[in-house]
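Let me begin by presenting the structure, written as structure tokens, before commenting on it.
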Amino acid sequence: MELKWKIKPFEALTVHELYDLLKLRSEIFVLEQNCVYLDLDGKDKKALHLIGEYDNKIVAYVRLFDAGISLDNASIGRVVVDANYRDRKWGHDLMREAIAAIKSNFDKDKISIGAQLYLKKFYESHGFVQSSEMYLEDDIPHIEMIRG
């Protein structure tokens, strides 16, 4: 079965969708990665939220920004796939959908991401190239990457 995709501005998210996507982000970025940080950074209200659902459950998610909101270029952030579904390689579907959504919603080809270093090859497989030296964000090695 394939994922069902939704894209919504913050104001269009239901209370249940917001709760479920924040729960998924916390499960991965706080618990799985053992990283205490403030996920609610004020940017969600300015983002488009791309949600992948399977069996009525949010299992894949990213937030998308037009140029100048989060980074200089259009950008993709908070890329997450539920750990219970990673064997299905839905992260690749998520990135393809996110790249297409940036183009269709913002008419931008140049996309930036702040990627966790261990995912460099994953993002390279989607056309991103490293554009910075490694830096620490919340004690996790990251690099900037650009596509387009």
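The values are calculated or read from the model by the stated rules, or taken from the named source; none is laboratory data. Everything numeric in this text was worked out from a predicted model, so none of it was measured. We place every Cβ from the backbone using ideal geometry, glycine too, and count neighbours over all the protein chains shown. The protein model used for the area step is the full one, side chains on, heavy atoms only, and it has no ligands, DNA or RNA in it. Shrake-Rupley method; radii C 1.70, N 1.55, O 1.52, S 1.80 Å.
Look at the stretch 105-116: where a residue is within 10 Å of F65 (Cα to Cα) and a partner is among the basic types (K, R), sitting 6+ places away or on another chain with Cβ atoms under 6 Å, you get I111/R147. Restricted to the stretch 4-54, and to residues that are in a loop (DSSP other than H, G, I, E, B), modelled with pLDDT of 95 or more and in contact with a helix residue (DSSP H, G or I) (Cβ under 8 Å, 6 or more places away or on another chain), which residue is least open to solvent (accessible area, probe 1.4 Å)? Only one residue tops the list, namely A47.
Apart from one condition, R86 fits all of (1) in a helix (DSSP H, G or I); (2) at pLDDT 95 or above; the exception is (2). If the condition is being of a type in the set (S, T, N, Q) and open to solvent by less than 50 Å² (accessible area, probe 1.4 Å), then the stretch 55-72 contributes only S70.
On the given criteria, is D55 without any contact (Cβ under 8 Å) to a residue 60 or more places away in the chain and closer than 18 Å to A115 by Cα? So D55 does not fit the description; no.
As a summary of the residue check, A100 satisfies the conditions (1) surrounded by 14 or more Cβ atoms within 10 Å (Cβ to Cβ); (2) modelled with pLDDT of 95 or more; (3) under 16 Å from R147 (Cα atoms) except for the one numbered (1). Checked against the criterion of being open to solvent by less than 50 Å² (accessible area, probe 1.4 Å), within 14 Å of W5 (Cβ to Cβ), touching a His at 6+ places or on another chain (Cβ under 9 Å) and not hydroxyl-bearing (S, T, Y), the stretch 77-95 has at least one qualifying residue. Of the residues V79, V30, V129, which is on the phi < 0 side of the Ramachandran plot, β-branched (V, I, T) and out of contact with any strand residue (DSSP E or B) (no Cβ under 9 Å at 6 or more places or on another chain)? Only one candidate passes the filter, namely V30.
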